[in-house]
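A short write-up of the structure that comes next.
The values are calculated or read from the model by the stated rules, or taken from the named source; none is laboratory data. Computed from a prediction, not measured in an experiment: that's the story for all the values here. Because the Cβ atoms are built from the backbone with ideal geometry, glycine has one as well, and the counts that use them run over all protein chains shown.
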Amino acid sequence: MANVTATAPATERLQLLRVLGPAHIWALGVGIVLVGEYMGWNFSVGKGGMIAGLAACWVAGLLYTCVAMIDSKVTSTIAAAGGQYAQAKHIVGPLMAFNVGLFLVMAYTMLEAANAITVGYLLDTVAGMMGHTGLNQKPFIILSIMFLAWLNFRGVLATLTFNLVITAIAFLAIIALFVSVQLGASAVPMDFSAITTSPLPYGWIGIVAALHFGLWYYLGIEGTCQAAEEVRSPARSLPYGTMAGIMTLLIAATMTWYVCSGLLPWEYLGQAGTPLFDAARVTGNTGLMVLLFVGTMFSTLASANGCINDASRAWFSMGRDRYLPSWFGAVHPVYRTPYRSIVFLVPIALIFALGAPLDQVVTFSILSGLLGYTFMTFNMVMFRRKWPLDTIKRGYVHPLHPLPVIVLLTLCAAAYFAVFLGYGTQLSAMMCFYIVASLWFHFRRYRFVRRGDQFTMPWPKPLGY
Amino acid sequence: MAYQPPKQGLAGQVFDVITLLVLTVGALYLPLYLGFAGAAKTPNPIANPTWEALGQNATEAKQWAAIGITDPAAANDIITARFDYSFSWAPLIVMAVLVIGYFVLVVRLSDREYREVIEERFDPKRR
């Protein structure tokens, strides 16, 4: 996988094998993101109602289409492991790269915490259904995070391969629920009367507000670009695989919205911890309940596992580049994993998984992702200015530049406003965190960074420097 | 001559690690723990709730029952909870300044660092 480079010591860095095609990129993207269909997205219904939830799903799909176009273009040229982090180092500068690294770490660590919360909540629900109410969720949350961290500590290649299999099962579970309900497997009929009786409970502003959690359907799809160094033909595979992934998720998200909105009252759906499992409960069909229980468990554990993997690699990379104490840049002598980074991030994930509500943790993850998408807009413009089209060979040139940048920036601005509506304090806290961290890096940490090592691409000098 | 960064000792590294931990927990978790942050969604329960009074039709009542909530009173808070989206312009402007200011700060400081990187990378005398 993409992280083989990162796990190798700097002194004996190995060349990655270019073996991946568009289908692998598709599987990688869908695998990271699918958990977004199983939990979190439904808070968009809570913020704006049923119609707003669907509108947010599609508008967020447009936002991520722009993200995929822009990211495919830059990454097919900077075909280096590390994705946006490597892009920021070469195009904007070290402080931006430090921030992008933090975006990745925070987005993935908070997603990991959200996954662990969902595991605890799901087990509590199932225990309640079996007559054991009041299950203590905390041991299961701790166990999930510790077990997956241990797996990552020991080496992760087989685990990530297994991830793809269990993600496929989770994806098929959504389709099975959708088809079964269409064939009349539900004991309780679908009901969409709220669309007419309560179409927009918050008015039009609810549609904007719902965009906040609409991002959750697709958050992380940009992770496909982390595999740029192992793709046979980045110019073809990255845009095709990523766009196919977004189309798949768009279809899955719409099916998820349809089934859940039809089987669950929107007020309940808007605050549910495990909406797809709850929809299966409403059908009264034991087979579907078991399938969606398995799907929820698989998707959350697979996602949490991928999150530990990606967050620790980003943290490790920053340690190796001395953006963080170089102590984090160590590789385990036996397992060849960034074990110190893995261990360091465990307590952070645990603090939020044990002490914060799901919607707050999801919001922190979304905000870090959103900051990363905002970075992509000006990063793209700076890339074109510093190296115009005829100066370096690009793997892929996306059409209609700068339209995707303008659309993405507009949708990002709308998403910030959406978060501000109801979660303004979290937005302030997050911005304060990144501002202080940036000042800390620039005025304290940067003196430990080797300047020339931050630019490794065989490109000409950028224009204007 | 290329820039030679100082070697950071163990104590300095530990100090930086603690700083990062304190920063993460202090800025993100503490506001949640102290109750300063949270979704502005508040329930407005009605007296003597019935499914009809709560705006739920017969099918929706069956759906509530299927997820284990048979008593309308138990669903009262969930159904009546609403976000308050009223806002004044001042906090919105402060928020916008915070977000835009953050990116301006990062890009400007990054550019200073980037110039050093490019100078060292492309100037043969400094490599």
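Side notes on the structure shown:
- Residue ID - farthest from A:A311 (Cα to Cα), chosen from residues in the stretch A:330-349 that are among the aromatic types (F, W, Y) and away from chain B (no Cβ under 14 Å): A:Y335
- Looking at A:G319, A:G306, A:G284, just one residue is out of contact with any Lys or Arg (no Cβ under 7 Å at 6 or more places or on another chain) and away from chain B (no Cβ under 13 Å), and that residue is A:G306.
- Scanning the stretch A:116-128 for any residue that is surrounded by fewer than 24 Cβ atoms within 10 Å (Cβ to Cβ) and aromatic (F, W, Y) turns up at least one such residue.
- Of all residues in the stretch A:350-368, those being in a helix (DSSP H, G or I) and either within 17 Å of A:F147 (Cα to Cα) or at the interface with chain B (Cβ under 8 Å from one of its Cβ atoms) (or both) number 9.
- Qualifying residue in the stretch B:38-59 (condition: more than 8 Å from chain A (Cβ to nearest Cβ) and touching a Phe, Trp or Tyr at 6+ places or on another chain (Cβ under 7 Å)): no
- Remark: pairs (first residue in the stretch A:192-213, facing another protein chain (nearest Cβ under 8 Å) and in contact (Cβ under 8 Å) with a residue 60 or more places away in the chain; second residue in a loop (DSSP other than H, G, I, E, B) and among the aromatic types (F, W, Y); Cβ separation under 8 Å; 6+ apart in sequence or on different chains) = A:Y202/B:Y85; A:I205/B:Y85; A:G206/B:Y85; A:A209/A:Y202; A:A209/B:Y85.
- If you filter the stretch B:60-72 down to residues that are within 7 Å of chain A (Cβ to nearest Cβ) and among the charged types (D, E, K, R), you find that the one that is surrounded by the most Cβ atoms within 10 Å (Cβ to Cβ) is B:E60.
- Count - residues of the stretch A:317-347 that are within 22 Å of A:F441 (Cα to Cα), assigned to a loop (DSSP other than H, G, I, E, B) and of a type in the set (F, W, Y): 1
- A:T456 fulfils the conditions (1) surrounded by fewer than 19 Cβ atoms within 10 Å (Cβ to Cβ); (2) at the interface with another protein chain (Cβ under 7 Å from one of its Cβ atoms) except for a single criterion, (2).
- Flag for A:A86 being free of Cβ contacts under 8 Å to residues at least 12 places away in the same chain, in a helix (DSSP H, G or I), within 14 Å of another protein chain (Cβ to nearest Cβ) and surrounded by fewer than 23 Cβ atoms within 10 Å (Cβ to Cβ): no
To keep it simple, each residue is scored yes or no on (1) of a type outside the set (D, E, K, R); (2) within 13 Å of chain B (Cβ to nearest Cβ); (3) in contact (Cβ under 8 Å) with a residue 40 or more places away in the chain; (4) surrounded by 15 or more Cβ atoms within 10 Å (Cβ to Cβ).
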| residue | (1), (2), (3), (4) |
| --- | --- |
| A:K386 | no, yes, yes, yes |
| A:L403 | yes, no, no, no |
| A:L409 | yes, yes, no, yes |
| A:A415 | yes, yes, yes, yes |
| A:L421 | yes, yes, yes, yes |
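- Qualifying residue in the stretch A:310-322 (condition: of a type in the set (A, V, I, L, M, F, W, C) and over 24 Å from A:D453 (Cβ atoms)): no
- B:E119 passes every criterion in (1) under 30 Å from A:L122 (Cβ atoms); (2) at pLDDT below 95 apart from (1).
- Candidate set from the stretch B:73-111 (those that are more than 8 Å from chain A (Cβ to nearest Cβ) and more than 28 Å from the chain's Cα centre (by Cα)); member that is surrounded by the most Cβ atoms within 10 Å (Cβ to Cβ): B:N76
- Residue list for the stretch B:26-54, filter: buried (at least 16 other Cβ atoms within 10 Å of the Cβ) and either modelled with pLDDT of 90 or more or of a type in the set (V, I, T) (or both): B:P49, B:W51, B:L54
- When B:L32, B:L20 are checked against the criterion of being touching a helix residue (DSSP H, G or I) at 6+ places or on another chain (Cβ under 9 Å), over 21 Å from A:S198 (Cα atoms) and within 7 Å of chain A (Cβ to nearest Cβ), B:L32 stands alone in meeting it.
- Checklist (1) facing chain A (nearest Cβ under 7 Å); (2) surrounded by 16 or more Cβ atoms within 10 Å (Cβ to Cβ) applied to B:R115, failing item: (2)
- Flag: A:T256 matches the condition of being away from every other protein chain (no Cβ under 14 Å), buried (at least 24 other Cβ atoms within 10 Å of the Cβ) and among the β-branched types (V, I, T).
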